[in-house]
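Notes follow the structure.
The values are calculated or read from the model by the stated rules, or taken from the named source; none is laboratory data. Bear in mind that the values here come from a model prediction, so they are computed numbers and not experimental data. For neighbour counting, all protein chains shown are included, and Cβ atoms are generated from backbone atoms with ideal geometry for every residue, glycine included. Calculation scope for accessible area: heavy atoms of the full protein, side chains included, ligands and nucleic acids excluded. Shrake-Rupley method; radii C 1.70, N 1.55, O 1.52, S 1.80 Å.
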Amino acid sequence: MTETQLSGGPGTTRANRLAFGAVAFTVAAWASAFVAIRDLGDDFGPGPLTLGRLVVAAVVLSALLAVRREWVRPTRREWTLVGVYGVVWFGVYNVALNAAEQRVDAGTAAMLVNIGPILIALLAGTLLREGYPRWLLVGAGVAFAGAALIGVATAGEDDADLLGIAFGVGAAVAYAIGVVAQKPVLRRLPSLQVTWLGCMVAAVACLPYAPALVEESGRASAGTLGWLFYLGLVPTALAFSTWGYALARMDAGRLGVTTYLVPPLAIVLAWILLAEAPAPLALAGGAVCLAGVALSRRR
């Protein structure tokens, strides 16, 4: 079901509101994740942090799945796609993002990852046959310009290096591949099940990091472990589920562009919680991002 199909009657209007509510929650939760990852970078390595986050998410999602008792048996093709988005998005993406945030600030990392929606729109236009609506391309271009302004404003010489930027771009590529692989699975499988499967696949793939996770958790403070629990519960278990709910009801390319709201929110949160103050140019970039998202919603 596409966004256009959601605009029919009273029932679809309610579904439309729920989908946009899911998007809003996802964007806010993912913005907070950049701050949490940045704060945890001194206590956990990229791999152990990914595994810890996935373990918390898997436990929470397993409980929700047991309560819902909603299960659809995946086909062979769906299992293949689950393996792709589980390893690439839930696994590789998180490891690359964690590595990037050990070298660049939260705002810059958010900007780099948000190259992803451009890649999603391009991949979805061809592989998912969503096409290239004019306003989607215009909005994506404007929002990308805003994200670039944020990057220019926040990437200082002392806070960023080429390896960190490379990890950020790698995370964006993994993000785009994961979204496009996940979309066909959501046409038949419930979003909660799809998220749980992705977490489980990625957790298994990240098991080699288990000894390091145990060691680093033993040295961590209660506050640090609280951040890790939050990262697994809200931005992973809940936000990935609400993302899947919205993705099942909206075009992947159009939904991906809404994540351009993440960088300005991440900058504000980093400013408040980590004392990483944004430059005026970053605030201007955030405004341009908002304008781009608004343009992409036009029909």
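Restricting to the range 124-135, and then to whatever is at pLDDT below 75 and not hydroxyl-bearing (Ser, Thr, Tyr), can you tell me which residue is surrounded by the fewest Cβ atoms within 10 Å (Cβ to Cβ)? Working first, answer last.
First, pick out the residues of the range 124-135 that are at pLDDT below 75: 124-133.
From what's left, not hydroxyl-bearing (Ser, Thr, Tyr): 124-125, 127-131, 133.
Details: 124: 25, 125: 18, 127: 13, 128: 16, 129: 7, 130: 20, 131: 12, 133: 17.
Of everything passing the filter in the range 124-135, 129 is surrounded by the fewest Cβ atoms within 10 Å (Cβ to Cβ).
A search for C-beta distances below 8 Å between a residue of the range 19-42 that is outside any helix (DSSP H, G or I) and any residue that is open to solvent by 20 Å² or more (accessible area, probe 1.4 Å), counting only pairs 6+ apart in sequence or on different chains, returns 41/102.
Assess whether residue 210 counts as being modelled with pLDDT under 90 and assigned to a helix (DSSP H, G or I). So residue 210 does not fit the description; no. Screening the range 61-113 for residues that are in a helix (DSSP H, G or I) and among the aromatic types (Phe, Trp, Tyr) and picking the one that is farthest from the chain's Cα centre (by Cα) gives 79. For the range 195-214, give me each residue that is open to solvent by 20 Å² or more (accessible area, probe 1.4 Å) and touching a residue at least 24 places away in the same chain (Cβ under 8 Å). Result: 196, 200, 201, 205, 207, 208, 209, 210, 212, 213. Being open to solvent by 10 Å² or more (accessible area, probe 1.4 Å) and at pLDDT 85 or above is a property that residue 238 has. Say whether the condition of being polar (S, T, N, Q) and touching a Gly at 6+ places or on another chain (Cβ under 6 Å) is met by at least one residue in the range 29-42. So far as the range 29-42 goes, no, none of its residues is polar (S, T, N, Q) and touching a Gly at 6+ places or on another chain (Cβ under 6 Å).
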